[in-house]
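Here the structure is laid out as structure tokens; the discussion comes afterwards.
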Amino acid sequence: MAEKINQTQNFLKGIVKDNPVFVMLLGMCPTLGVTSSAFNGLGMGVATLFVLLMSNIVVSLIKSQVPSKVRIPAFIIIIASFVTIVEMVLEAFIPFLYEQLGIFIPLIVVNCLILGRAEAFASKNNILSSILDALGMGLGFVIALTLLGATREILGSGSLFELKFVPEDANTFILFILPPGAFIALAYLTVLFNKISTKTA
Amino acid sequence: MSKKKDTFINMLVSLLMITIISGFSLGYVNDLTIGPKAKAKLERKINALKLVLPAFDNNPVVDVQLLKSGTVKDSVEVFPAYKNSEFVGAAIIGSTEKGFSGMIKVMVGFKPDGSIQNIVVLEQKETPGLGTKMKDEKFLAQFREKNPSVFNVKVTKDGGEVDALTGATITSRAFGEAVQMAYDEFEKNKDLLMELKN
């Protein structure tokens, strides 16, 4: 790569300018599926961040060894391997989180954010840029999922990170922990996020 | 950047290498985690047993009985508890597929007379904040010290005596069904369990 990349910019773009959830709208399935509480969103975000980081590193390392016609299957195998590793490690050492995230862990494989970064960034850039790209994008994903999870938990269960701040039998907006609430909350957060970020940009 | 050419041999070799490496690393991680995984599962079971059974001095996990049942496909796990060689109760895993999102598994601890000591939810995929409230003390307390032969574990809507969870009648119904199943198995096998230790 001839052009020099501004590494700070490279890292920060994933958090605000190209936020994977609020701006690029990538990886919607886990975003909508697991964010019924802030903790679940955080857990899913961190698991995805790890897979994204590892796959970006490996893809960047082997990019010149993989013929371009078979690059997609190669990326998928790499991503799927890391996801399986995450799944086994979670089940063995954090069984609580493993139970909560359930079916969504294997589904990290098809999170288009990860394949998207492998294809669009890591396969064209050096390892340092790829690591920073993965960290930025992953962190953007973590922040977005935690924010969405927190919003839904506050409205739907009247609690934040399992800490209840309404009486035990108070009526909360149950809608927000059900799937339709995920769409509504995501839509409003996206509007809000883009309003704020375009103003400051 | 010198990219490998798209020749058949190049494609074959690169994919083969990637699959071999990922295969080996997965096998390695599997070896590393297989112990802790089994341990975590066992620990959960033991903790649940301690919660649902009266004090015991045998190892129910070792004494587990796998009993064939007419109602479910798999055999039913029955954990008998003894103290000083006397039968003090049994924990039975009751299950149903009629939960709001499928399988619900509960561990029910019975005293020798058939009344419920305690219940722990082992597995569920119910709606967070609604169906998951079946794990709450308020709901479970209804079942303690009750004997399903006189206490109807169905929800009040179906003529039973259990107050359903708000907004989660299906979950409450399924929960009652799982408890009922565990009770039926207990009654069926009570005599066998009492004899076992002697």
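Of note:
- To the nearest ten degrees, helix B:8-52 and the longest principal axis of the Cα atoms of chain B are 20 degrees apart.
- Computed from the alpha carbon atoms alone, the convex hull of the stretch A:9-200 holds 118 Å³ per residue.
- Since only B:Ser149, B:Phe175, B:Val108 are under comparison, the one whose Cα sits farthest along the positive direction of the charge dipole of the stretch B:91-198, derived from C-beta charges on Lys, Arg, Asp and Glu, is B:Phe175.
- Length-normalised contact order for the stretch B:53-196 - Cα pairs under 8 Å, 6+ apart - percent: 21 percent
- Fluctuation leader among A:Leu139, A:Leu26, A:Leu175 - chain A, Gaussian network, Cα springs under 10 angstrom: A:Leu175
- Whole-number Å³ per residue for the convex hull built on Cα positions in the stretch B:67-127: 95 Å³
- Within the straight-line cut-off of under 28 Å between alpha carbons, the lysines reachable from B:Lys4 are A:Lys4, A:Lys63, A:Lys69, A:Lys124, sequence neighbours fewer than 8 places apart in one chain being disregarded.
- Considering only alpha-carbon pairs that sit under 8 angstrom and 6 or more positions apart, the relative contact order computed for the stretch A:141-201 is 30 percent.
- Within chain A, longest stretch free of exposed chymotrypsin sites (Phe, Trp or Tyr not before Pro) [DSSP loop, at most 12 other beta carbons within 10 Å]: A:1-160
- Given charges at beta-carbon only (K, R positive; D, E negative), |dipole| of the protein assembly as shown in Debye: 1580 debye
- With Cα atoms as the point set, the stretch B:53-196 shows a radius of gyration and Dmax of 14.7, 45 Å.
- Against the main long axis of the alpha-carbon atoms of chain A, helix A:38-62 sits at an angle near 0°.
- Taking the Cα centre of chain A as reference, the dipole from Cβ charges on Lys and Arg (+1) and Asp and Glu (-1) amounts to some 900 debye.
- Semi-axes of the equivalent ellipsoid for the stretch A:55-103, Cα gyration tensor, largest first, Å: 29, 10, 6
- Charge dipole magnitude, Cβ of K and R +1, D and E -1 - chain B, Cα centre, debye nearest 20: 840 debye
- Among A:Asp133, B:Asp191, B:Asp163, B:Asp184, a tally of other beta-carbon atoms within 10 Å of each Cβ gives an order, fewest to most, of B:Asp191, B:Asp163, B:Asp184, A:Asp133.
- Of the residues A:Tyr188, A:Ala150, A:Ser64, the one whose Cα sits farthest toward the positive end of the charge dipole of the stretch A:9-200, with +1 on the Cβ of Lys and Arg and -1 on the Cβ of Asp and Glu, is A:Ser64.
- C-alpha long axis of helix B:169-196 to longest principal axis of chain B, angle in °: 70 degrees
- Unit Cα scatterers, Debye sum, the protein assembly as shown: log10 I(q)/I(0) for q = 0.07, 0.08 Å⁻¹: -0.45, -0.57
- In nm, spacing of pseudo-spin labels at B:Ser149 and A:Cys112 (7 Å Cα→C-beta vector): 6.2 nm
FYI, it's all coordinate maths here, none of it is from the lab. As the structure is a computational prediction, the values presented were derived from the model and not from experiment. Using ideal geometry, Cβ is built from the backbone for each residue, glycine included, and neighbour counts are taken over all protein chains shown.
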